[in-house]
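Readers should treat all values here as calculations from the given coordinates under stated rules, not as data from a laboratory. None of these values were measured; they are calculated from a predicted model. Here Cβ is always computed from backbone atoms with ideal geometry, including for glycine, and neighbour counts include all displayed protein chains.
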Amino acid sequence: MAFHWLPDDNLAGPSFIDRARLAPDDDDFDFDFPVRDDFAPAVLPQAVAEETSLQRLVRHWMNERHAPDILPGQEALLGSMLDHVRKQVSTVAVLLGSVVGRILAGGVGWTLGVSDDVQLLRADPDSSEDEHFRIMLVQTEVERVKFVIRSYIRTRLHKIEKYARYISATPAMHERLSKAELEHAQRYARLVEYHFDQCVLQSLPPEQRSLEDNMAFMPPMVPEPDRLRPVFAHALEKCPPVHLPDGSPMEMEKGQISLTPYYVVEQLLARGEVELV
Amino acid sequence: MALPPSLRANITPAELELIASEQLVEIIPLVAMERTAFISGAYGPLRPPTKCKIPIWMATNLKLKKKCHIVPPDWLNVEFLQERLARETSEPDFSELPFRFSEVAKVLLDVAPDDIPNPDKVRSLLKDIREARQAKSREGLAKLDHSELRLPNLCAMEINEIRPFFVRAMSVLTQLVREPRQG
C-alpha cells in the first residue's frame, strides 16, 4: 500500500468520502489539489472551455511527436501532472483502505497505523461496489495519463539520442532541454564518439578521423533536425502572417489546417498559436 | 527506452483513439456514484436515471460492465450522416464534421451498438462518407506544391492517413526547388 505518499494536509482534513458528501451541491468541491485552478469550473459548463492541464499535456505530446525539431520541454507541466497522478494514487489507496477495512472489520486488528481517515472510512456504511467503481475508474485514468507522460518523454528521448552530437555542439538547443535531458545528450554523444573511435577511427590515418567532415553531395556527419520537413498545423487562434517558402505571406484563420514546412510555423508553435495534428 | 521505431514516423490510430476518448459524452447511468475528482476534472454524481456528461473512456468502461446507456452525440445518427453524405458526394469541398468523428464513432459503435438506433446503417453511411472524402483528398494531392496546402475540414484520422505520403511528396518538391540555389 502506498500510504506513505499521502501528504500531511490530506490526512489532516476530512476523509475523501466525507468531503464528497458534504460538498455543497454538485459544484466543484475543493479537493485541495495543487493545480486545482486549471480545472474548468463545473458551474459554467457553457463558458469557453479552458484547457485543462491534461489537455495541455496531450497537445504538447502531439506537437513533440510531429515536430522534426526538439521543442522546449514542459517541465512545470510534467511536474504538476505527476503530482496529480500521485494524489490520485493516494486517493485510491485511501478508498482501497476503506474496502479492505470493511472486509477486515470484526477481525482482530487493523494495525496499518495509517490514519483516522481509514478508520472513518471503515465505519462508512456505503456499499463497497460503488467504491470499486471509483477505484477502477481512477486507476484507469491514472494509467492513461501515465501512458501519455511516458510517450512524451520517450519521444523527446528519441530525438535527443538522434541529435545528441548536434545538441552538445549547439548552445541554443540547451535551454530547450531539462537538466537531466541535457546531461543525457552530452553523455550519449561522448559515448558514441568514444565507440566510433575505439572501433574504427583510431586505426585510420589522422586526416580521416574527423567526425565533422562536410563533403559535397553527402549528408552531414552531424545529423541536424530537418526544419524543412512539412507538418500539419492547426491554428488555435487567428495568427499573425508568416512567410511561405515561395515568398507569399500566409495568415492562418482560427481552425485552419495547413500542410507547410516546419520552419514556417515554428514561431507560431512556440507561442502556442498553432498545434500540430 | 526511446520511442520504438514503429511509432516514430506517425501516430497510430490507437493513440488517436486515446486522445479522442478524452471528449465528453452523455450517458444515462444505471449505477449511482458520488462526484469524484479525476485528473481531467471532476465528474458525477451519477444518479440514475439523470443524464450526465463523462469522458468517453469512462463511458465505455461503464458500458462494458452494463452500468450505463450511452446517448450518441447529435451527429451520430442516420439523418445527419445521410445529409452529410449527400453533400460530400455533390460538393467539391470537404463538409464540416467533428474533428475526431471517426474515432468517436468507432468507439461508440464498438461498445454501444444497442444505444445507437440503426447501427448497421450508420456504419455503412460512415464508410461511404469516408470513401467519398478519401477520393477528394487524393485529388487534393494534385494541388500540392512546396510551400503550403490548405486542408479545410479535414479530420484527425484522415490527416493521419495521408500524412506519410503527403509529407514525403512535399519534401521531394521542396528539394526540387531548393537544389539550384545551392549548386
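Counting Cβ atoms of other protein chains within 10 Å of each residue's Cβ and taking the mean over peptide B:22-31 gives 1. Here the 3J(HN,Hα) profile of region B:2-9, calculated from phi with Karplus coefficients 6.51, -1.76 and 1.60 at θ = phi - 60°, is 5, 4, x, x, 5, 9, 6, 7 Hz, Gly and Pro shown as x. Converting phi to 3J(HN,Hα) with the Karplus coefficients 6.51, -1.76 and 1.60 and the offset θ = phi - 60°, region B:53-59 yields 9, 9, x, 4, 4, 6, 5 Hz in sequence order, with x at every glycine or proline.
For a footprinting-style exposure proxy, rank A:MET218, A:MET173 by other Cβ within 10 Å, fewest first. Before the final figure, lay out the partial values.
On the way: A:MET218 8, A:MET173 18.
So the ranking, lowest neighbour count to highest, is A:MET218, A:MET173.
For region B:72-176, the Cα gyration tensor yields ellipsoid semi-axes of 30, 14, 10 Å (square root of five times each eigenvalue, largest first, whole Å).
Within 10 Å of each residue's Cβ, count the other Cβ atoms and sort B:LYS106, A:LYS179 from fewest upward. It would help to have the intermediate numbers written out before the result.
On the way: B:LYS106 17, A:LYS179 10.
The most exposed by this proxy come first: A:LYS179, B:LYS106.
Given labels modelled 7 Å from the Cα in the Cβ direction, how far is it in nm from B:LYS143 to A:PHE217? In this crude spin-label approximation the distance works out to 3.9 nm. Taking each residue as 0.36 nm, the span from B:LYS121 to B:LEU64 lengthens on full extension beyond its C-alpha to C-alpha distance by 18.3 nm.
Report, as a whole number in µm² per second, the diffusion coefficient that Stokes-Einstein gives for chain B at 10 °C and 1.306 mPa s using the Kirkwood radius over alpha carbon pairs.
84 µm²/s
Computed from the C-beta positions of B:ILE28 and A:ARG227 and an R0 of 51 Å, the FRET efficiency is 0.50 to the nearest 0.05.
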